[in-house]
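Taking it in order: structure first as structure tokens, then the write-up.
The values are calculated or read from the model by the stated rules, or taken from the named source; none is laboratory data. Note that this is a predicted model, so its numbers are computed, not measured. For neighbour counting, all protein chains shown are included, and Cβ atoms are generated from backbone atoms with ideal geometry for every residue, glycine included. Keep in mind that these areas ignore ligands, DNA and RNA; they rest on the heavy atoms of the full protein, side chains included. Shrake-Rupley method; radii C 1.70, N 1.55, O 1.52, S 1.80 Å.
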Amino acid sequence: MLDSVNDRVKVVPVPDSVLTERVATIRAFNRLYTGVIGVLDEGPADAEYSLSEARVLFELAQQDQLQVSDLRKRLSLDGGYASRLLGRLETRGLVTRERCADDARRQLVTLTAQGRAAFADLDHRSASQIGSLLDQFADTDQRRLLGAMGTITALVGESAPEPTVALRAPRPGDLGWVVHRHGALYAEEYGLDERFEALVARVIADFAEHRDDPRQAGWIAELDGERVGSIFCTPGDEDGTAKLRLLLLEPVARGHGVGKRLVRECVEFASAQGYRSMELWTLSLLAAARGIYRGAGFELVGEEKTDAFGPLVTGETWRREL
């Protein structure tokens, strides 16, 4: 079945009037979120420690020792302020400082047992506060909130950590999402019309009607908890042949190996179910997807021109033995 694994879209500058409106939107969000920060801070106003002190305790709790210079870089602290901050924590018995054995110009800072106990208390209170905030929302809205936070982090973070990829079985609402995203992405990126979305809907409807068939399965890919891809294995037209269908990858997930994982999972399932071969249909213009299929052992076995979904394209049939 068709897929949507391709290169990222180029950045196009937006008009000044649009940019001005978006700046105003971000400023409004900042004003709103400033109030939320009072709930989420590790060191709220009525706490025993300031926010800066709580951040230092958090960083030091992640390892046994940390160079003061590294701590300053992580928290963007100037030398004088960092020294005064560590001095206060040292006076309270929460940290200790010592010279590096191999370089006397450098200082190492370590949490004491009392400091680790203080961090554990702060960490527990912070988790409880955030849990109370999340409890105000249903599961779907919690996922939307976390997904939006992940998007902001990925776009503006200096060095965002490698996102977590997870594959799972479809849940209620996922099948509709698969149809919607296929229709939207293929219209935007390749100009396919609503007839393609209708085809995807028929495939999904058939999958749902045979949900108890052990010979078929589907997977939803998540990136940091947000849906970013799909793939399905269904019985083929020939006995002993499986079909790889509805491989989809959102633009935000491209380049993270999600497509390869989805294809590998689908192929391994088909093999475990006793299928002898596997087929798929895609478009010749999807170079990235074709590379994934070729890497997974598929070979091109047929081509045909079609305008069944609007523009004239070349459809390809790929096959591999299991």
Would you mind stating whether Asp123 is at pLDDT below 85 and in a loop (DSSP other than H, G, I, E, B)?
-> no
Under the condition of being modelled with pLDDT under 75, among the hydrophobic types (A, V, I, L, M, F, W, C) and in a helix (DSSP H, G or I), which residue from the stretch 37-58 is least open to solvent (accessible area, probe 1.4 Å)?
-> Leu40
Specify which of the listed residues (Gln114, Gln142) is over 22 Å from the mean Cα position of the chain (by Cα) and either of a type in the set (S, T, N, Q) or not in a helix (DSSP H, G or I) (or both).
-> Gln114
Identify, from the list Ala217, Ala221, Ala187, Ala201, the residue that is surrounded by 14 or more Cβ atoms within 10 Å (Cβ to Cβ) and free of Cβ contacts under 8 Å to residues at least 12 places away in the same chain.
-> Ala187
Can you confirm whether the stretch 160-181 contains a residue that is of a type in the set (A, V, I, L, M, F, W, C), open to solvent by 60 Å² or more (accessible area, probe 1.4 Å) and under 20 Å from the mean Cα position of the chain (by Cα)?
-> yes
Please tell me if Glu250 is surrounded by fewer than 16 Cβ atoms within 10 Å (Cβ to Cβ), of a type in the set (Asp, Glu) and closer than 21 Å to Ala169 by Cα.
-> no
Please go through the stretch 237-247 and pick out each residue that is crowded, with 20+ Cβ neighbours inside 10 Å and either farther than 16 Å from Leu199 by Cβ or free of Cβ contacts under 8 Å to residues at least 24 places away in the same chain (or both).
-> Ala242
Hey, can you tell me all the residues within the stretch 82-108 that are assigned to a strand (DSSP E or B) and closer than 17 Å to Ser50 by Cβ?
-> Val95
List pairs: first in the stretch 286-300 and in contact (Cβ under 8 Å) with a residue 40 or more places away in the chain and closer than 19 Å to Glu268 by Cα, second open to solvent by less than 50 Å² (accessible area, probe 1.4 Å) and part of a helix (DSSP H, G or I), Cβ under 6 Å, 6+ apart or cross-chain?
-> Ile292/Gly259; Ile292/Val263
Output the residue which, of all residues in the stretch 100-119 that are touching a helix residue (DSSP H, G or I) at 6+ places or on another chain (Cβ under 8 Å) and open to solvent by less than 80 Å² (accessible area, probe 1.4 Å), is farthest from Arg72 (Cα to Cα).
-> Ala118
Which condition does Trp318 not pass, out of (1) in contact with a helix residue (DSSP H, G or I) (Cβ under 9 Å, 6 or more places away or on another chain); (2) loosely packed, with under 13 Cβ neighbours inside 10 Å, if it passes all the others?
-> (2)
